[in-house]
1. Could you rank T239, T313, T258 by how accessible they are, 1.4 Å probe, largest area first?
2. If I stretch the segment between R7 and D180 completely, what's the gain in nm (0.36 nm per residue apart, minus their alpha carbon distance), one decimal?
3. Once you put a point 7 Å from the Cα of D40 and another 7 Å from the Cα of N99, both along the Cβ direction, what distance in nm separates them?
4. With all protein chains present, calculate the accessible area of W164 using a 1.4 Å probe and round the result to the nearest 10 Å².
5. Over region 186-302, what is the mean sequence separation of C-alpha contacts under 8 Å (at least six apart), divided by residue count, expressed as relative contact order in percent?
6. Say each of T115 and I168 gets a label point 7 Å from the Cα, pointing the same way as Cα to Cβ; how far apart are those two points in nm?
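The values are calculated or read from the model by the stated rules, or taken from the named source; none is laboratory data. Just so you know, these numbers come straight off a predicted model, no measurement behind them. Using ideal geometry, Cβ is built from the backbone for each residue, glycine included, and neighbour counts are taken over all protein chains shown. Just so you know, the surface numbers come from the protein's heavy atoms only, side chains and all, with ligands and any DNA or RNA stripped out. Shrake-Rupley method; radii C 1.70, N 1.55, O 1.52, S 1.80 Å.
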Amino acid sequence: MQEQEKRWRLVLGKKADPQSEMELTQTEQGMDDTLDALYDSEREGGLGASSPNVHRWLSDIQRYFSTSTVQVLQKDAIDRLGIDELLRAPELVEQLEANVNLASTLIALKALIPTQSKESARKLVEKVVRELEQKLQNPMREAISGALSRSTRNRRPKWNEIDWHRTIKANLKHYQSNYDSIIPELLLGYGRKGQSLKHIILLSDQSASMASSVVYASIFGAILATLRAVKTQFIAFDTEVVNLSEWLDDPVDLLFGTQLGGGTDIGKALAYSQQLVEYPNDTILVLISDLYEGGNIALTYEVLQELQAAGVTIICLLALNDEGAPSYDRQVAQVLSNMDIPTFACTPDRFPDLMSAAIKREDLQA
């Protein structure tokens, strides 16, 4: 009887229990909050189209409700958010400020956006991506290129590969006053052009809570893919694993190839990534996940240990966005930290420096 009363309480909302006399569990309270955010029209803030919490709400409904219920809630969210109406007005789309949260929301709901509005949705996501790409591209390229130059020791460089600053410094003792010149006995180079000096694997969790992180990861992946000295692969996962590396030339295509909102099987994704590693000592694997494992956690730890033992540099980012990681599995994060795997949230502006430090094999915990 009590369970039926609770169901009716959740259906009718807080108005049915204004004095909060019915005691709800933590899970039931979470369900009530997500339903209230969508259906209580008097709620302040709620799911307004400009709300930065929409993508978090999408994550919550995945956590609390079955797939069939989630589909109904997402459809109602589109109607109540007014996204369809917004996308039908191109002049409004043009005036919108680039917003990662709005872009991630559109990507998460792309399957439910009406056909006639899909092109506008794509243009809006593209606007966000291009503005962010323009902002992040130079810092990322400069940090990675500089790290590769310093980490590479080419003792037999070709003429166009010579690092003249280092070469002159190393040969000052060979200065010939008669000729007013330095006769270099040792040539130091930047590294062979066109050779992949590092292999970077971005392993991105597609769960709804990671939506904004997926946006940033795709942009950084696309930037890394333009560097000839770096081999970059982008792997997205939920309970399935999909290799999206072929779309790295366009992060918008890559984003629309993701399926935000599924479950999570980190061990399966790591096992797939392990098969991609050819030269462990030159491979950097970046796991971007809140670590809520829905699969075999023992497999996750096992594969991480094997990758570590082989020489792969592993980094775990609990979030790659400007908001930090408000929710993550602290127990799993502690285990990874105990394994000496750097585990923390990272803002987009710090990511280039992080990758630079990884390439130079600096202490990432610092």
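1. T239, T313, T258
2. Length gained, R7 through D180: 53.2 nm.
3. Once both label points are built, they end up 2.2 nm from each other.
4. Only protein atoms counted, so the area is about 110 Å².
5. That works out to 33 percent.
6. For the pair T115/I168, the computed spacing is 6.6 nm.
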